[in-house]
Amino acid sequence: METINKYGFPLEVCGRCHGTGNYSYNEVDGTTCYGCSGSGFKITKSAQKAYDAFLTAYKKAQRPQVKDLQVGDYIARKNVWCRVARIIKTDEVSSWSVVDGVERISTYFYEVEFDNSEVRTFPENQLVKRKATLDPTPFLASIKSPKKSKVQEED
Ligand SMILES: [Zn+2]
């Protein structure tokens, strides 16, 4: 029987709790198994690297810096998704450092205009919450890497 998680990554029965989701009791987590967070399943060993890469990329898609936003993105403002209508890099410096007595500019402010015409200014490296999905297909494809079918092209 093959089991997959909601993104399609293969799961196996957790070896620590044997699929029960429970292990020894402690005050903080009760009997919840550490190996599987109580689900009874965990990502298979061969898929773990691909799954970690997927989660990292997904998190990055959902928590971009302001300078990586694009027109049409939805970002959360006061728990409301607001569509980005315009992004402009200003010449206003938001942070700098002094290295060997020389002032070095590191970041600028960005002006972000939303669909409701509201304009807000953010430092370019500020993290925002973006509505994002990520296609797991390329990550899933990378799991079966040991042997790719060798097809020799001959003319
Ligand atoms: Zn477990």
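The values are calculated or read from the model by the stated rules, or taken from the named source; none is laboratory data. Note that the coordinates shown come from a computational prediction; the quantities given were computed from them, not determined experimentally. Glycine also receives a Cβ, built like all others from the backbone with ideal geometry; neighbour counts cover every protein chain displayed.
Kindly establish whether Ser97 is exposed (fewer than 14 other Cβ atoms within 10 Å of the Cβ) and more than 24 Å from the chain's Cα centre (by Cα).
Yes, satisfied.
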(message) Restricting to the stretch 128-155, count the residues that are at pLDDT 95 or above and either in contact with a strand residue (DSSP E or B) (Cβ under 8 Å, 6 or more places away or on another chain) or of a type in the set (D, E, K, R) (or both).
(response) 5
(request) Would you please name the residue that is nearest to the ligand (Cβ to nearest atom), looking only at residues in the stretch 5-48 that are in a loop (DSSP other than H, G, I, E, B) and farther than 25 Å from Ile143 by Cβ? (result) Thr20
(message) Taking the criterion of being in contact with a helix residue (DSSP H, G or I) (Cβ under 7 Å, 6 or more places away or on another chain) and surrounded by fewer than 17 Cβ atoms within 10 Å (Cβ to Cβ), would at least one residue in the stretch 42-58 satisfy it?
(response) yes
